[in-house]
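Structure record follows, encoded as C-alpha cells.
The values are calculated or read from the model by the stated rules, or taken from the named source; none is laboratory data. Only a predicted model underlies this, so the values are computations on that prediction, with no experimental measurement involved. Positions of Cβ are backbone-derived with ideal geometry, glycine not excepted, and every protein chain shown enters the neighbour counts.
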Amino acid sequence: MRLGARMFKTGLAVALALYLAQLIGFPSTVFAGFAAVFAVQPSIYQSFKTIIKQLQANFIGVVTATLMAFLLGNDPIVVGIAVIFVISMCRFLKLEKSAVSIALIAVISVMETTTMEIHQFAFVRFSTLMLGILSSFLVNLLFIPPKYETRLFKQIDVLTTEVLQWLRVTSRHLSDDPSLKKEMYRIKVELRRLDEIYTLYYEEGVYFKKNQLAKTRKLVVFRQLIHVLNKGFDVLKSLQKVDNRARLIPEDVRDLLVKEIDLAIHAHEQILLGFMRKLKRDDDIDHLAQSNIPLLVDRLLEMYQKNETDYLTFLPLATMLMRYHNELKHLETLLNSYDRFYNNEKLEMIAKRDLDY
C-alpha cells in the first residue's frame, strides 16, 4: 500500500488540531480532530473554499443546537429534530458533504449534557471545530504543496501512449474485443480524472503577475493537449464499433484507412515527444502534410452511391479522423508558437512521485 500525500496531510492535520486543542485547554479535543479530517483538501484553493463553507456549516449547527437545547432541552428526539433541520438548511444552501458533516458534528457536540451555560458551551464547541478546520488549512498551505503541472503532463503522456497503442493495434484488427472494451472504459475514467487534475491546476494560486501570464499560456497548451487526446479516443471508439465490418470494404480502401490512422498516430507521437524535448522539433509535421482524409471520404461515398454495401457506417469514423487531424494541426501551430516566443517556460518533467489525492 502506498502512502499518499493526502493520507499524510490528514494525519498531520489531526495531530496538529488535537495538540493545539490540548494546549488551549478545550474539553473534548476529539472534535477538533473530527473537523480536521473533513477539512483536508487536494489544493490550497479548495482548502480556502472549504473554510468558508465549513464556517457557515459550523455556525448553522451551533446556533441551531443552542436554540433547540435552550428551548426544548437535549432529549435524543430533540437532537434528531435538530439534525433534520440542519441537514435541510445545508441542502438549501447547497453546502458540500464535508460541510454538512461539520454541521452535524456541531449539533451533536453542543447538545450533549453539560454543566456549563449553553451559550458558553456552544462557543467552546464552535471554537474547537474551527480550530480543526484551520489546522487542516495550515497543513495544506505549508506541507507538500501539490505539483499539479507535473502530474497533469505525466498523465497526458501516459494516456496518450495508451490511446495510440490501442489505435495502432485495433486498426490492424489485432485487438481482443472484450479486452479493448475493458481498457476503453478504464481510459474513459482516467480522462475524467485528467479533467479534474486540470481544474485543480487551473485553481492553483499564482502570486506574481509575471507567473500568472506564464501559467495562462500553459493552461492553453494543456487544454489543447487534452482536447487532442479526447479526439484520438473518439477515433478509437468509432474504430471499435466498425472493426468487425472493416473486412467488408475493398482492400485498397482499407489500406487507405489504416494509412490515415497511422499518419495521425505518428503525428501525435512526434508532436508530444517534440514538446517533451525527446525529439528534435520541426515546424511542420510530415505526417500531417501527407494526410489526405478527403480522398478516403470520397471513396466511401463513391462506393455507397454504387450500392455495393452500406459504407455509410464508416463515415462517422472518417469524420472523427478528420476532426482529430484538424486538432493535431492546431496543436502543432500552438506548440510551435509557444516554442518560438516562450522558449524559457519549459515544463519541469520529473519522475511521477508517489503522491495520490
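Here are some notes:
- Just so you know, in segment 277-300 the residues that are surrounded by 14 or more Cβ atoms within 10 Å (Cβ to Cβ) and hydrophobic (A, V, I, L, M, F, W, C) include one that is modelled with the lowest pLDDT, and it is Ile285.
- Scope segment 191-210; condition at pLDDT 90 or above and surrounded by 14 or more Cβ atoms within 10 Å (Cβ to Cβ); matching residues: Leu191, Leu194
- Here is the figure for segment 3-60: residues that are outside any helix (DSSP H, G or I) and β-branched (Val, Ile, Thr) total 2.
- Of all residues making up segment 109-123, the number that are assigned to a helix (DSSP H, G or I) and surrounded by 19 or more Cβ atoms within 10 Å (Cβ to Cβ): 4
- Single condition Ser135 does not satisfy, out of (1) of a type in the set (Gly, Ala, Ser); (2) crowded, with 20+ Cβ neighbours inside 10 Å; (3) without any contact (Cβ under 8 Å) to a residue 24 or more places away in the chain: (3)
Residues are listed down the side, and each one gets a yes or a no for (1) among the aromatic types (Phe, Trp, Tyr); (2) without any contact (Cβ under 8 Å) to a residue 60 or more places away in the chain:
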residue	(1), (2)
Gln54	no, no
Gly61	no, yes
Gly73	no, yes
Ser88	no, yes
Phe92	yes, yes
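- Check on His325, touching a helix residue (DSSP H, G or I) at 6+ places or on another chain (Cβ under 9 Å), at pLDDT 80 or above and surrounded by fewer than 19 Cβ atoms within 10 Å (Cβ to Cβ): no
- Selection status of Glu251, surrounded by 18 or more Cβ atoms within 10 Å (Cβ to Cβ) and either at pLDDT 70 or above or not β-branched (Val, Ile, Thr) (or both): no
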